[in-house]
Amino acid sequence: MTTFLQTLVNSIGLGSLYALTALGYTLVYGVLRFINFAHSDVFTVGAWASFTLASAFGWAATGSPWFAMPLVLLLAMAVCAALGIAIEFLAYRPLRKAPRLNVLITAIGVSLFLQNVGQLKWVFGTQPQPMPPLLEDSSLAEVAGVQIRVIDVVVVVLTVFLLMLLEFLIYRTRLGRAMRAVSFDEKVASLMGINVNRIITLTFGIGSALAAAGGLFYALKYTGLKQPADATWVLLGLKAFVAAVVGGIGNVRGAVAGALLIAFVEMFGAQYLSPHMRDLYVFVILIAVLMFKPSGLFGKAVVEKV
Amino acid sequence: MALLEVSGLDVHYGGIHALKGVTFSVEQGQVVTLIGANGAGKTTTLRAISGLVKPSKGSVTFKGRTITGMPAHQIVALGLAHAPEGRGIFANLTVDENLQMGAYLRRDPAGVAKDTRHALELFPRIAERLHQNAGTLSGGEQQMLAIARALVAKPTLLLLDEPSLGLAPQIVQLIFKIVRSIAAEGTTILLVEQNAHQALNVAHTAHVLEVGTLVTSGPAAELARDDKIRKAYLGVH
Amino acid sequence: MSPSEKDPTRRLAARVAGSRPNPFVAGLKSAWPIVTGVIVALVLQAAIAPMLGPFYAKLLLDIGIAIVLAVSLNIVNGFAGQFSIGHAGFMMVGGYAAALITYYGSIKLGWVEPGAYGVEVHGGFLGSGDLLFLAACVFGGVVAALAGLVVGLPSLRLRGDYLAIVTLGFGEIVRVLVQQTSDVLDPTTAAEASMLEAAKHIGGPLGFTGTPTYVSPTPWITDAAGNQTGHAGIFFVFTFVAIVLVVAFRLKISTHGRALLAVRENEVAAEAVGVNTSRAKVVAFVTAAFFAGIGGALYAHEVGVTLNPKELGFQKSIDLVIMVVLAGMGSISGVVYAATMLTILPELLRDSAEYRMPIYALALIVVMIVRPQGLFGIQEIWELRPRLRFLKASLIGAAAGLVSWQLFGRVRIGVHAVDSFIAALSAIGKLVLLGGLIAAALFAVMMLGGALFSRFQSRKTPRAIARELSSERAGAVLAKADDSPKARPSDDADREDAP
């Protein structure tokens, strides 16, 4: 029973982490109708940028001040937002009217570019690095033998907060209405006086900032920072992506639900079936969902325009 | 000085020359209609005016400013509203939100509220469905919503693209009645129609487009009596 | 006269039936490309490889394997437009299946002394060992084709991005599964284990160690004692290159190939003109997977290669995708060219290896923006008409690269960060120089290819027919109808980008 509860708690923590990244996929898909392959690399850059910032402030040793984490979080979010906006402007905007396949290939190109530039020795290098502990890595409470870690609580609270913020933004504000309008029809949206490019830029910025948050907390949770082109990052980005797809891409709540589902399956599978196959479960779910309900569990079917 | 002046407009779609030197103007307070067969370039003309397609030659002047090549959202900001062909409502937004999109650029909540109320008075059926998803409306209701949304923008010039397309005759009657009342309130309208009979009835001035070229222009009443026009577009033999 | 003889259609039908060639003769006639390919492979093995020496012969091998893989990916990505980024997964399936046959098969056949570690290559050229290896290649291809069927089925419901993700997921699943297997059995144990048991022991994360190395770069010449040295790896690889090329070309100009292209351009429209799009897509996946499996089998038996799940991951798939996309999706000769170049380049650029991937990635983005159909588009190299402007641009680029390489190679400021940036500029300059030279060489290939192949091409492309028509009859009309300079027939190499 304790094992069961512990796994449950762990999955919620992991799921929230996936959710932060999945939200970015879903947001960008929402407005541009394409899967931003480079999103997982923005996530990686978020983790590495946090590391670089924390090291630059000299918090590599223990005992960082209380404001360290929020400050690094905000700065990393700013860095990644800028990066996301730059990617959109340089790589995706020229292809606004191109076939989707071209945009997809470009996205893969951007992803490769970020991975490999990140590996250059004057960027982040190829050495794994230890992340400075900006958050006290301790157990907050122990309930019936179940460990509840500080980091997990922070991640869950932050994810819930950001989700609510996003929901409010999308469904209650003028900007959100504009985003949904652009998502449905760019041309008609521009006839309403919406600057479509600006909305897309903002969306990329928001999505990338969320990825930075995900990256930072990932680095804090699993403190051994792998090199930027490591397969772990790709896999992690993929899982977040799978979460977005399973939840119905383009759907904010769906992304979070999908992320939790993926984390549950992964953790419980690892606990009760075989720990070596945890990556497998995720992809089996993906393929099953895509085969039987391609629009995702919470998504609406989209009729392809002819 | 006319409110809208289109001169020597050329539009290419890839290798297709869709508009060839289209020239006309729209005076303040007038209803001007472009009629013509399928593929004559009526919709393209509107799209070129509102900035959805870039003309390859020629110029468009609105309120004395050259707007050729400006992005659509800037043109719209100058006081032009375009209810596009096929209605172009946002099916994923509610009716209410669609109307709010019409007022996207307006910063006077009181004025917006007044114009929204007025638009809903014109289309009571829309008012009944404010909180429904716009995608669930019928074709006629969607057309009404598209016009209402354009009105909420409080435009100086309203571009209407085929408001009667695919609608039942009764609804067509209703739509044109409302177009007439909008015009009576002083909004300038550029109307594109295949239903030449109705269009000539509403408009002051009419232009006939044939394969990308303006072939005839004149007061609508005169064109409605023209034998050639009657044969070609009004189905009178 | 009987009525049947009067009817012109019947007469024509009779004539067509009468002129039908003997199937045996026709088969021989159409076999010439394969025969040529086998002869070329022999020449490469027997004459060229000894001249090149082991290092370059190994490069030649790598090029051959890359061609098999890239051309097979081109069938599904280029022809059918089904974007697969898990091609290395098929390679892995084929490679492991083949290695299973050669390693455990050799042991079962008693070709290895019990107790020895690793399996030796058995027999001489086309001896029993080689035959087992070739059979294993085909087996690998078949197993991979089955996997292709499994992946092709979801492609019936998914498009674009989603399909890409599923193929990626497939590649990952294969990798994870292989990593779960146990260590390779040593010959003594293997001799007693069943084949099913053996299939569970294919090395796991450490890789399939001890596979016999049938694919070696050394030429099979006999030494003074009359023993064969090396193996016929180059011959085998290039025989498969010939087969995959012939299949791809035949497919491209056949009805099936046209159906694939139709699916790629517009699935709904293809369906509307009667293409069985489901079948076309699955066939594309299965064919591509088959040859990828063979490519994997060749790779698995290469000297110096340990079949390893890590090597055949996402990165390998992406390498292949880059070859296909840069060359032009659908252009077979273009993909061959890209596979060759992108295999040679890393060898040339060993000292600036870290800039290889950033530059490939950048090239991918720039090509997508500037020339979305890839360098060659769907056309073969000889169908393009090179323009002098292209030569000029590549030479200017090469010159600029040379200057940058030499200039920044010498300057040092003394500040570390600035210096490493300057060093980067120098390395990039070198790459640009190489790129320019390659482009100039390409110009020569295009000129030569155009001159040669226009004679040999048996079937006229629609483009060629249109060109003739426009020059003969319609030329005058066209010129009159559209006086815009874009419509000049001589410019058509650049008009691919028109929708």
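Bear in mind that the values in this text are calculations on the coordinates, not laboratory data. On a predicted model such as this, the values are computed, not experimentally measured, just so you know. We place every Cβ from the backbone using ideal geometry, glycine too, and count neighbours over all the protein chains shown.
Explain nothing, just the number: dipole magnitude of the protein assembly as shown about its Cα centre with +1 on each Lys and Arg Cβ and -1 on each Asp and Glu Cβ, in debye rounded to the nearest 20. Spell out each step's value before the answer.
Working: 83 positive and 66 negative charges, 554 e Å.
For this selection, approximately 2660 debye.
Given H placed 1.01 Å from N in the peptide plane, which residues other than close sequence neighbours of B:T213 have an amide H under 5 Å from its amide H?
So B:T213 has HN proximity to B:K20.
So if R0 is 56 Å, what FRET efficiency would B:Q194 and A:A82 give, r being the distance between their Cβ atoms, rounded to the nearest 0.05? Show your work: numbers first, answer last.
On the way: r = 50 Å, r/R0 = 0.89.
According to the calculation, E is roughly 0.65.
Under 5 Å between amide H atoms, partner at least 5 residues away or on a different chain: which partners does B:I67 have, H built in plane at 1.01 Å?
Under 5 Å from the amide H of B:I67 lie the amide H atoms of B:V60, B:T61, B:F62, each far enough along the sequence or on another chain.
Of all alpha-carbon pairs in the range B:94-166, indicate the percentage at a distance above 19 angstrom. Provide the component values of the computation, followed by the final result.
Numbers: 737 of 2628 pairs.
Value for the range B:94-166: 28 percent of Cα pairs lie more than 19 Å apart.
For a test of the definition: using alpha carbon positions, the gyration tensor, and the 1.5 limit on a/c, classify the range C:290-427 as rounded, prolate or oblate.
oblate
Per the Kirkwood definition applied to all pairs of different Cα atoms, how many angstroms is the hydrodynamic radius of the range A:26-158? Please list the in-between numbers first.
On the way: mean 1/r = 0.0586 Å⁻¹.
By the Kirkwood definition, the hydrodynamic radius is 17.1 Å.
For C:L12 and C:R387 in the same chain, what is the full-extension length gain: residue separation times 0.36 nm, less their Cα-Cα distance, in nm?
Length difference between fully extended and current span is 130.5 nm.
Mind checking which of A:G214, A:G193, A:G269 has the largest fluctuation in a GNM of chain A, springs on alpha carbons under 10 Å?
It is A:G193.
Mind putting together the pair-distance distribution for the range A:193-257? All Cα pairs, 5 Å bins, whole percent per bin, short to long.
Reading upward from the zero bin: 4, 14, 16, 24, 19, 13, 6, 2, 1, 0.
What size of dipole, in debye to the nearest 20, comes out for chain B about its Cα centre when the only charges are +1 on Lys and Arg C-beta atoms and -1 on Asp and Glu C-beta atoms? Don't skip to the answer; put the middle values down first.
Details: 22 positive and 19 negative charges, 44 e Å.
It works out to roughly 220 debye.
Would you pull out the residues with amide H under 5 Å of C:T213's amide H, same chain only if 5 or more places away, H placed 1.01 Å from N?
The answer is C:V121.
Along the positive direction of the dipole of chain B (beta-carbon charges: Lys, Arg +1; Asp, Glu -1; about the Cα centre), which of B:A18, B:V95, B:A150 reaches farthest?
B:A18
Starting from the Cα of A:V150, move 7 Å in the Cα-to-Cβ direction to define the label point; list residues of the range A:199-225 whose amide nitrogen is under 20 Å from there.
Those under the cut-off are A:213-225.
Let me know the whole percent of all Cα-Cα pairs from the range C:123-247 that are separated by more than 20 Å. Intermediate results must be reported in sequence, preceding the final value.
On the way: 4888 of 7750 pairs.
When every Cα pair of the range C:123-247 is considered, 63 percent fall beyond 20 Å.
Per residue of C:168-175, how many C-beta atoms from partner chains lie within 10 Å of its own C-beta, taken as a mean? Working shown, then result.
Working: counts 7, 12, 2, 1, 8, 8, 0, 3.
If you average over the peptide's residues, the count of other-chain Cβ atoms is 5.
So if each residue of separation counts as 0.36 nm, and I subtract the Cα-Cα distance between C:R410 and C:L153, what length gain in nm does that give? Don't skip to the answer; put the middle values down first.
Values: separation 257, 0.36 × 257 = 92.52 nm, distance 5.69 nm.
The span from C:R410 to C:L153 would gain 86.8 nm if fully extended.
Obtain the nm distance between the two label points defined at C:A444 and C:L345 by a simple spin-label model: each point lies 7 Å from its Cα along the Cα-to-C-beta direction.
Computed distance between label sites C:A444 and C:L345 equals 2.0 nm.
List C:I107, A:I148, C:I65 from most exposed to least, where exposure is judged by having the fewest other Cβ atoms within 10 Å. Don't skip to the answer; put the middle values down first.
Numbers: C:I107 23, A:I148 17, C:I65 26.
By the 10 Å Cβ count, ascending: A:I148, C:I107, C:I65.
Under the Kirkwood approximation for Rh and a Cα-based Rg, what ratio Rg/Rh is obtained for chain A?
Ratio value, two decimals: 0.97.
Using 10 Å bins from zero, what percent of all Cα-Cα pairs in the range C:30-363 falls into each bin?
The calculated distribution, bin by bin, is 6, 26, 33, 24, 9, 1, 0.
With label points built 7 Å along Cα→Cβ from the Cα atoms of C:I39 and A:T173, find their separation and express it in nm.
The modelled label-to-label distance comes out at 7.3 nm.
How shielded is A:240-250 by partner chains, expressed as the average number of their Cβ atoms within 10 Å of its Cβ atoms? Before the final figure, lay out the partial values.
Working: counts 0, 4, 2, 0, 0, 4, 0, 0, 0, 2, 1.
So the per-residue partner count for this stretch is 1.
Would you mind calculating the relative contact order of the range A:20-229 from Cα pairs under 8 angstrom and at least 6 residues apart, reporting the percent as a whole number?
43 percent
For every helix of n ≥ 4 consecutive DSSP H residues, a contribution of -39,500 (n - 2.57) applies; sum these over the protein assembly as shown, divide by its total residues, and give [θ] at 222 nm rounded to the nearest 500 deg cm²/dmol. Kindly include the intermediate steps, with their values, before the conclusion.
On the way: 42 runs with 629 residues, N = 1042.
Rounded to the nearest 500, the figure is -20000 deg cm²/dmol.
If all Cα-Cα distances of the range B:7-150 are sorted into 5 Å bins from 0 onward, what percent lands in each bin, rounded to whole numbers?
Histogramming the range B:7-150 at 5 Å steps yields 2, 9, 17, 18, 18, 15, 12, 7, 2, 0 percent.
Would you mind computing Rg(Cα) / (2.2 N^0.38 Å) for the range B:159-237, counting N as its residues? Kindly include the intermediate steps, with their values, before the conclusion.
Working: Rg = 12.5 Å, N = 79, 2.2 N^0.38 = 11.6 Å.
Against the compact-globule rule of thumb, the ratio is 1.08.
For a footprinting-style exposure proxy, rank C:T277, B:T136, B:T188 by other Cβ within 10 Å, fewest first.
Values: C:T277 17, B:T136 12, B:T188 23.
With the sparsest Cβ surroundings first, the list reads B:T136, C:T277, B:T188.
How large is the Kirkwood hydrodynamic radius of the range A:197-306, in angstrom, based on all distinct alpha carbon pairs?
On the way: mean 1/r = 0.0650 Å⁻¹.
After inverting the mean inverse Cα-Cα distance, the result is 15.4 Å.
Please find the FRET efficiency linking B:M1 to B:D108, where r is the Cβ-Cβ separation and R0 is fixed at 22 Å, and quote it to the nearest 0.05. Intermediate values should be presented prior to the final figure.
Values: r = 27 Å, r/R0 = 1.23.
The formula returns an efficiency of 0.25 here.
Rounded if a/c is under 1.5, else prolate if a/b beats b/c, else oblate: with a ≥ b ≥ c from the C-alpha gyration tensor eigenvalues square-rooted, which is the protein assembly as shown?
In terms of gyration-tensor shape, oblate.
Direction-averaged shadow area of the convex hull around the Cα atoms of the range A:15-89, nm²?
Details: hull surface 22.7 nm².
With the hull built on Cα positions only, its mean projection is 5.7 nm².
Among A:K226/C:K200; B:K57/B:K228; A:K187/B:K228; B:K54/B:K154; A:K293/C:K310; B:K20/B:K228, which pairs are too far apart, with a Cα-Cα distance over 28 Å?
A:K226/C:K200; B:K57/B:K228; A:K187/B:K228; A:K293/C:K310
Ordered by packing density, taken as the mean number of other Cβ atoms within 10 Å over each peptide's residues, highest first, how do B:9-22, C:285-298, A:97-110, C:131-144 rank? List each step's numbers first, then the result.
Details: B:9-22: 17.4, C:285-298: 30.8, A:97-110: 21.2, C:131-144: 22.9.
Packing order, densest peptide first, comes out as C:285-298, C:131-144, A:97-110, B:9-22.
Using the Cα centre as the reference, give the magnitude of the dipole from point charges on the C-beta atoms of the range C:30-363 (Lys, Arg: +1; Asp, Glu: -1; all else neutral), rounded to the nearest 20 debye. Don't skip to the answer; put the middle values down first.
Numbers: 16 positive and 20 negative charges, 206 e Å.
That gives a dipole near 980 debye.
Work from the charge dipole of the range A:20-229 (Cβ charges, +1 for Lys and Arg, -1 for Asp and Glu, about the Cα centre) and give the residue of A:L23, A:A54, A:L71 farthest towards its positive end.
Farthest towards the positive end: A:L23.
If I require 27 Å or longer along the helix axis, counting alpha carbons, and a Kyte-Doolittle average no lower than 1.0, what helices from chain A are left? Use full DSSP H segments. Don't skip to the end; give the middle numbers.
Details: long enough: A:2-32 (44 Å, 1.17); A:68-87 (28 Å, 2.58); A:100-119 (29 Å, 1.03); A:150-172 (32 Å, 2.40); A:196-221 (38 Å, 1.17); A:252-272 (30 Å, 1.30).
Result, helices passing both filters: A:2-32, A:68-87, A:100-119, A:150-172, A:196-221, A:252-272.
My understanding is that a pair violates if its Cα-Cα distance is over 29 Å; which of A:K97/B:K63; C:K316/C:K392; A:K97/B:K42; A:K121/C:K316 do that in this structure? Walk me through the numbers before you get to the answer.
On the way: A:K97/B:K63 31 Å; C:K316/C:K392 34 Å; A:K97/B:K42 23 Å; A:K121/C:K316 23 Å.
A:K97/B:K63; C:K316/C:K392, as the Cα separations exceed 29 Å there.
With springs only between Cα atoms under 10 Å, which of A:G258, A:G30, A:G207 fluctuates most in a Gaussian network model of chain A?
Most flexible of the set in this elastic network: A:G30.
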